[in-house]
Amino acid sequence: MALTRITRLALVFGSSMAILGLMMASVDPEVQYSVDEIMNEPENFQDRKVFVRGVVSPDSMDHADMSFILDGISHEILVDFADTPIPDGFDEGRTIAVRGNLDLQNGVWIIDSYEIQTGCPSKYES
């Protein structure tokens, strides 16, 4: 039995929509927050995975403790990178993104990172 052109187009369109729907349902969107958004109400993010962007504070890199400070506009947060490799392009004063768990330790909010991302410097330089 031969399918008409309209039937074939409807079948292709329906299949495409079904595949798109499955893709959208299986992807969990990850929101990237700024340091200030996290630190305005850190209790809302406590003991959760966060994806946060900020600027590595100058002179904050502590290789002994494996930590650095991530600056926002009006807040800062300590990042523990003991279990995270430092990527190429990482430097103090650069904007980076950190994935990790936000914890309160001894009265200090800390991101225990498991991934650090940097942008390509040549992309931003002219």
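The values are calculated or read from the model by the stated rules, or taken from the named source; none is laboratory data. Computed from a predicted model, the values in this text were never measured in an experiment. Neighbour counts run over all protein chains shown; Cβ positions are idealised from the backbone, glycine included.
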Looking at Ala18, Ala64, Ala25, can you tell me which residue is farther than 30 Å from Leu104 by Cβ and exposed (fewer than 10 other Cβ atoms within 10 Å of the Cβ)? Ala25
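With the condition being at pLDDT below 95 and closer than 18 Å to Val31 by Cα, I'd like the strands (runs of 3 or more DSSP E) fully within region 49-96 carrying at least 2 qualifying residues.
Numbers: elements: 49-56, 67-71, 76-80.
In region 49-96, 49-56 are the strands (runs of 3 or more DSSP E) which contain 2 or more residues that are at pLDDT below 95 and closer than 18 Å to Val31 by Cα.
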Filter pass, Val50 being within 18 Å of Glu92 (Cβ to Cβ) and either surrounded by fewer than 17 Cβ atoms within 10 Å (Cβ to Cβ) or among the β-branched types (Val, Ile, Thr) (or both): no
Filtering region 67-123 for residues that are surrounded by fewer than 17 Cβ atoms within 10 Å (Cβ to Cβ) and touching a residue at least 60 places away in the same chain (Cβ under 8 Å) leaves a count of 2
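Could you tell me whether Ile38 is at pLDDT 90 or above and part of a helix (DSSP H, G or I)?
On the way: at pLDDT 90 or above: yes; part of a helix (DSSP H, G or I): yes.
So Ile38 passes the test.
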